[in-house]
1. For Tyr320 and Asp96 in one chain, what is 0.36 nm times their gap in residues minus the Cα-Cα distance, to one decimal in nm?
2. Check the straight Cα-Cα distances from Lys52 and name the aspartates and glutamates below 14 Å, setting aside those fewer than 8 residues away within the same chain.
3. Extending each Cα 7 Å along its Cβ direction at Ala26 and Thr111, get the distance between those two points in nm, one decimal.
4. List the lysines whose Cα lies under 20 Å from the Cα of Lys333, skipping any in the same chain that are fewer than 8 positions away.
5. Give the calculated FRET efficiency between Gln50 and Arg229 to the nearest 0.05, with a Förster radius of 41 Å applied to their Cβ-Cβ distance.
6. Quick check: convex hull of the Cα atoms in the stretch 4-201, volume per residue, rounded to a whole Å³?
7. Report P(r) for the stretch 35-125: all Cα-Cα distances, bin width 5 Å, range 0 to the bin holding the largest distance, values in whole percent.
8. Taking the Cα centre of the stretch 4-201 as the origin and placing charges on Cβ (Lys, Arg +1; Asp, Glu -1), which of Tyr193, Leu175, Ser30 is farthest toward the positive end of the dipole?
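Nothing in this text is a laboratory measurement; each read-out follows from the coordinates by a stated rule. In this text the structure is predicted, and so the values were computed from the model without any measurement. Because the Cβ atoms are built from the backbone with ideal geometry, glycine has one as well, and the counts that use them run over all protein chains shown.
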Amino acid sequence: MNTLEIIVITYNRAELLGATLDRLAASPFSHYRITVLNNASTDHTQQVVQYKQPLFSNLRLVNNVVNIGGDANILRAVELGTADYLWILADDDTYDFTDVSDVIETIEQGTADLIHVGAHTDVEWTMGGQTATPRELVKKGYPYFRFSSFLPCNLFRREAFLPHIIAGYKNIISLYPHMPFLLNYYTEDKPMYISRRRIVSAGIGQQNYNHTEQYLGWLRTSRLLPKRRDVMTCFRQQFGVDTNVDMALYYTLLCAREKAYRPHWSYVFGSLTFVEKIQFFLLAIARGLTRTGKFLARCGLGIVRGARLTWKFTKRVARYIASQASATVRGIKNIVNNLKDDE
């Protein structure tokens, strides 16, 4: 069947790959085309796929000549796909195929270009079974950006992704090559479907980057959105900060760590009220005693200096106006007195 192709990307995790293939073989997705994209593994990955071959009617193995990196392998999967819909899976996540009939129905009918089918385990799956646009879902509290960052969450129409391949390659440096497509999907605000049940849950596999790199990568990725308020919403969803002030501080601190990347203050203040802005600067100054807070302190002190200069200028203008008014009054009095003397 050419409606859906499932592509499992893998590198040197033969045992996990075997377990994932076993789950797929026992699922309603087993009759769809399934491809294992092997990123030049040096273990017995190829032997595992050959051993599992009898379990499937349409299983193929594609071997990269060299290891092109995990992020580039995601885009390679999109390029190699041939079906209308693609579902790119990792080999270290958890799958529950108990109830997937709604997803299969949506795919077969082609009623949505994007289907969300999973999430991180620390978030409850409470909004399944509905079709809506990303903006509508975000207004209801759905963490669209955070769920989208988890690659296997997204089952998508291949033709909708292809125009964003180049942008995806450019965003590899930010660790989220699939996000340009998903951010554009949010911007265009097209209908998407959320599966009734959580089908895939994020696992914790081997990572080749630290948390700071991940946070900075998400900072750069979120700023691909054209509207500043959307940038802050995207940024905040990923890190789960409690308040707008905390979000602004965190965002500015990350910008400070990225030496060649300066924050645009309209991004920071776009979602802050007047009171929250005051809280932000007070906290920035208070945290100036720490090394990581010096940047924030300079920002806060700069505003304070600006306010002082404005106040001084206002007082000078007021004094000048008062002196001119006083001189005018004296002049009028002199004219009146002269008129009286002439009488």
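1. 73.0 nm
2. Glu15, Asp22
3. Those two pseudo-labels are separated by 3.0 nm.
4. none
5. That pair, Gln50 with Arg229, gives E of 0.20.
6. 111 Å³
7. 2, 10, 17, 20, 22, 16, 10, 3, 0
8. Leu175
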